1. Report yes if some residue within region 53-62 is of a type in the set (Val, Ile, Thr), in contact (Cβ under 8 Å) with a residue 24 or more places away in the chain, within 25 Å of residue 210 (Cα to Cα) and within 15 Å of the ligand (Cβ to nearest atom); otherwise report no.
2. Does residue 78 qualify as being within 28 Å of residue 199 (Cα to Cα), in a loop (DSSP other than H, G, I, E, B) and near the ligand (Cβ under 10 Å from one of its atoms)?
3. Can you go through 120, 60, 109 and tell me which one is under 19 Å from residue 163 (Cα atoms) and out of contact with any Cys (no Cβ under 7 Å at 6 or more places or on another chain)?
4. Residue check: is residue 37 basic (Lys, Arg), within 14 Å of the ligand (Cβ to nearest atom) and in contact with a helix residue (DSSP H, G or I) (Cβ under 9 Å, 6 or more places away or on another chain)?
5. When you scan region 1-56 for helices (runs of 4 or more DSSP H) that lie fully inside it, which ones turn up with 2 or more residues that are in contact with a strand residue (DSSP E or B) (Cβ under 7 Å, 6 or more places away or on another chain) and surrounded by 19 or more Cβ atoms within 10 Å (Cβ to Cβ)?
6. Looking only at region 93-107, decide whether some residue is of a type in the set (S, T, N, Q), at pLDDT 95 or above, within 22 Å of residue 32 (Cα to Cα) and in contact with a strand residue (DSSP E or B) (Cβ under 6 Å, 6 or more places away or on another chain).
7. For residue 123, all conditions in the list (1) exposed (fewer than 15 other Cβ atoms within 10 Å of the Cβ); (2) under 17 Å from residue 172 (Cβ atoms) hold save one; what is the number of the exception?
8. Six or more apart or on different chains, Cβ atoms under 7 Å: show the pairs whose first residue is in region 147-158 and among the hydrophobic types (A, V, I, L, M, F, W, C) and whose second is part of a loop (DSSP other than H, G, I, E, B).
Amino acid sequence: MKISDEKRQLLKLYRDSSLAEKLKIYARIIFNFDQIKKHLDNFIPAEGNVLDWGCGYGIFANYLRLKNPKLNVVGFDISKVRIEEANKTTPLLGVKFTSDPSEIKFDSFKLVLLIDVLLFLPVDEKKSLLKTIYTSLEKGGIVFIKDTLKSESLRFKWTKFEESLKLKFGVYGKNVKSGLHYIEVDELTGILEGIRYEIVDVIPETHIIYPGVFVIARK
Ligand SMILES: C[S@@+](CC[C@H](N)C(=O)[O-])C[C@H]1O[C@@H](n2cnc3c(N)ncnc32)[C@H](O)[C@@H]1O
């Protein structure tokens, strides 16, 4: 498998991570990065503020800053262990990471990422977060969502099983006690339209194992 220069740069950022976390970070970069990058690259702003909500180790927050150093990027995640690893990269690229939502200044975002995180929020929390994001986006700003495509497929059953094991065994960190709250893509676009987002694109993912969907919406 060919490792692109971009992936190499990202891998390098996490050189000082603890071994157990490094394995997960490297796996995310090597096996899942390309499918997300392919779509995300179309929405990288020329300048301004970006929020990566549920940023995990900050891979995509750091990627955006690598692609465009003019961006002011903030990453938030409830996982203390993941934010601890993300913080080690701050001196290298200047992305600020936090596990305290009160530290996020919800104001004038050009782009907000919600990558593989909405599935952990109950529907009411999804709605409330998407409303807060709408209010904090600049006019024309984008929310870039990747979520799981809920269906009767074996791929969906598998991913649900795998996620429940990850939560049970504390893969996201011991303080992450979230449940699984999958919704169908029509329900998600309905929530977004109810808040007055304009749907820009809905793209089912073509990954062999994981049934993802990208939903991109604009204020
Ligand atoms: C599959 S990872 C994705 C991380 C990152 N967005 C990425 O693409 O690499 C899911 C992340 O959601 C975070 N998470 C789970 N429940 C959450 C919640 N209730 N609020 C915020 N983040 C949550 C986890 O800690 C984990 O880092």
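The values are calculated or read from the model by the stated rules, or taken from the named source; none is laboratory data. None of the values given here were measured: they were computed from a predicted structure. Glycine gets a Cβ as well: all are built from the backbone with ideal geometry, and neighbour counts include every protein chain shown.
1. If we filter region 53-62 for residues that are of a type in the set (Val, Ile, Thr), which is where we start, we get 59.
Okay, now just the ones that are also in contact (Cβ under 8 Å) with a residue 24 or more places away in the chain, so 59.
In the following step, the residues that additionally are within 25 Å of residue 210 (Cα to Cα) were identified as 59.
Add one more test, that the residue is within 15 Å of the ligand (Cβ to nearest atom), and what stays is 59.
Yes - at least one qualifying residue is present in region 53-62.
2. Details: within 28 Å of residue 199 (Cα to Cα): yes; in a loop (DSSP other than H, G, I, E, B): yes; near the ligand (Cβ under 10 Å from one of its atoms): yes.
It is true that residue 78 is within 28 Å of residue 199 (Cα to Cα), in a loop (DSSP other than H, G, I, E, B) and near the ligand (Cβ under 10 Å from one of its atoms).
3. On the way: 60 fails: under 19 Å from residue 163 (Cα atoms); 109 fails: under 19 Å from residue 163 (Cα atoms).
Testing whether each residue is under 19 Å from residue 163 (Cα atoms) and out of contact with any Cys (no Cβ under 7 Å at 6 or more places or on another chain) leaves just 120.
4. On the way: basic (Lys, Arg): yes; within 14 Å of the ligand (Cβ to nearest atom): yes; in contact with a helix residue (DSSP H, G or I) (Cβ under 9 Å, 6 or more places away or on another chain): yes.
Answer is yes for this residue.
5. On the way: elements: 5-13, 19-27, 33-40.
Of the helices (runs of 4 or more DSSP H) lying wholly inside region 1-56, those with at least 2 residues that are in contact with a strand residue (DSSP E or B) (Cβ under 7 Å, 6 or more places away or on another chain) and surrounded by 19 or more Cβ atoms within 10 Å (Cβ to Cβ) span 33-40.
6. Within region 93-107 (the criterion being of a type in the set (S, T, N, Q), at pLDDT 95 or above, within 22 Å of residue 32 (Cα to Cα) and in contact with a strand residue (DSSP E or B) (Cβ under 6 Å, 6 or more places away or on another chain)), the answer is no, since none of the residues qualifies.
7. Here residue 123 clears every test but (2).
8. Going by the 7 Å Cβ cut-off, the qualifying pairs are 149/211; 156/149; 156/150; 156/211; 158/209.
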